[in-house]
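Data block below; observations after.
The values are calculated or read from the model by the stated rules, or taken from the named source; none is laboratory data. Worth saying up front: this structure is predicted, and the values here are computed from it rather than measured. Please note: Cβ atoms are built from the backbone with ideal geometry, for glycine as well, and neighbour counts cover all protein chains shown.
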Amino acid sequence: MVVKVLDLWWIRICVMLASVFVPTALLTFVVHGDDAGAVIQSSVYGLCVVVMIGIEVLRPYGSAVASGVVPTPISPRFVGLGVGWALASLIAIASVTYLLGGSVAATTVSVDVTSVSTVVLFAIGEEVLFRGTIFRALEERFSSSFAVLATSLPFALIHLLNPGASWMSAVNVFLAGLALGTSVALTRSLWMAISFHVFWNLGLALMFGLVSGLDLPLSVFVLDVSSIPEQLRFIITGPFGVEDGLLTSVLLFASVVIMQKMRVFDPVVQAARFMQKHSVTR
């Protein structure tokens, strides 16, 4: 089955947005309770993955691989790069915290399985929503640079709804969008962005407490900045967590610059997209 209208970039964006807003509106009538928001968002993000792959399969000359989320032989390499990127960033924050006089000390271990799965699913869902179908549609119609910028702005704005959000946290989330979008544009795959996002969020929860302003029941260490001079604490953290800190801004900006030097991409995804775009039977 082929749905020719899916060749139109704006139709694909509308389909993806509809798969987010329509189920969200319907589920608000049937899902209730303290965790209703998390349940609804988890369900919608799961649907986004299915819709994204479905769109690619149903497009003329399309294939699931072209989505960039179906694993290929090189995907583990991108997962490794994403994990390494996240760990290096977290270690840098911990190191500068110590240099400024603060500490990251062990605390009572609290690892809630439900919270872990929520963090993981939300990270994957956000990447699929912002760096999946919508990103690719904008990239095909305009350019990679436009797609990176256009998806980073709403990514930052939606996080303004989180507790403790500020202009600084918005800037940092925007920079995160730039970095994640750049990784997708360069690698043609979502796996580096997904693995970074997952391990960054888990690392924040387990090491530093807050994840985008949210205090989750996950902890192994605790960030203590009380020994750091008050006028310097903004370098590390704020009401939104370390994503409110100036150091995070520097690390994310550096990530974008460093990734410009990358010369690695997924040839399987690239081939699928090339065949789709340049099919001789078109």
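Per-structure values
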{"quantity": "Unmet requirement for Val79, which otherwise passes all of (1) under 14 Å from the mean Cα position of the chain (by Cα); (2) under 24 Å from Leu157 (Cα atoms)", "calculated": "(2)"}
{"quantity": "Residue tally, condition touching a Leu at 6+ places or on another chain (Cβ under 7 Å) and aliphatic (A, V, I, L, M), over region 151-177", "calculated": "3"}
{"quantity": "Every residue from region 253-282 that is aromatic (Phe, Trp, Tyr), surrounded by 13 or more Cβ atoms within 10 Å (Cβ to Cβ) and under 18 Å from Glu56 (Cβ atoms)", "calculated": "Phe265"}
{"quantity": "Helices (runs of 4 or more DSSP H) lying entirely in region 114-232 (those with 1 or more residues that are within 18 Å of Val70 (Cβ to Cβ))", "calculated": "134-141, 167-187, 191-203"}
{"quantity": "Any chance Leu223 is modelled with pLDDT under 95 and among the hydrophobic types (A, V, I, L, M, F, W, C)", "calculated": "yes"}
{"quantity": "Any chance Val120 is surrounded by fewer than 22 Cβ atoms within 10 Å (Cβ to Cβ) and more than 17 Å from the chain's Cα centre (by Cα)", "calculated": "no"}
{"quantity": "Residue within region 77-89 that is polar (S, T, N, Q) and either closer than 22 Å to His278 by Cα or touching a Leu at 6+ places or on another chain (Cβ under 6 Å) (or both) present", "calculated": "yes"}
{"quantity": "Some residue of region 178-188 being in contact with a Leu (Cβ under 7 Å, 6 or more places away or on another chain), hydrophobic (A, V, I, L, M, F, W, C), surrounded by 18 or more Cβ atoms within 10 Å (Cβ to Cβ) and within 29 Å of Ile74 (Cα to Cα)", "calculated": "yes"}
{"quantity": "In region 4-49, the residues that are of a type in the set (D, E, K, R) and within 21 Å of Val65 (Cβ to Cβ)", "calculated": "Lys4, Asp7, Arg12"}
{"quantity": "Those residues of region 37-73 which are in a loop (DSSP other than H, G, I, E, B) and free of Cβ contacts under 8 Å to residues at least 24 places away in the same chain, in sequence order", "calculated": "Val70"}
{"quantity": "Residues within region 84-115 that are of a type outside the set (Phe, Trp, Tyr), within 15 Å of Ser195 (Cβ to Cβ) and in contact (Cβ under 8 Å) with a residue 24 or more places away in the chain, tallied", "calculated": "4"}
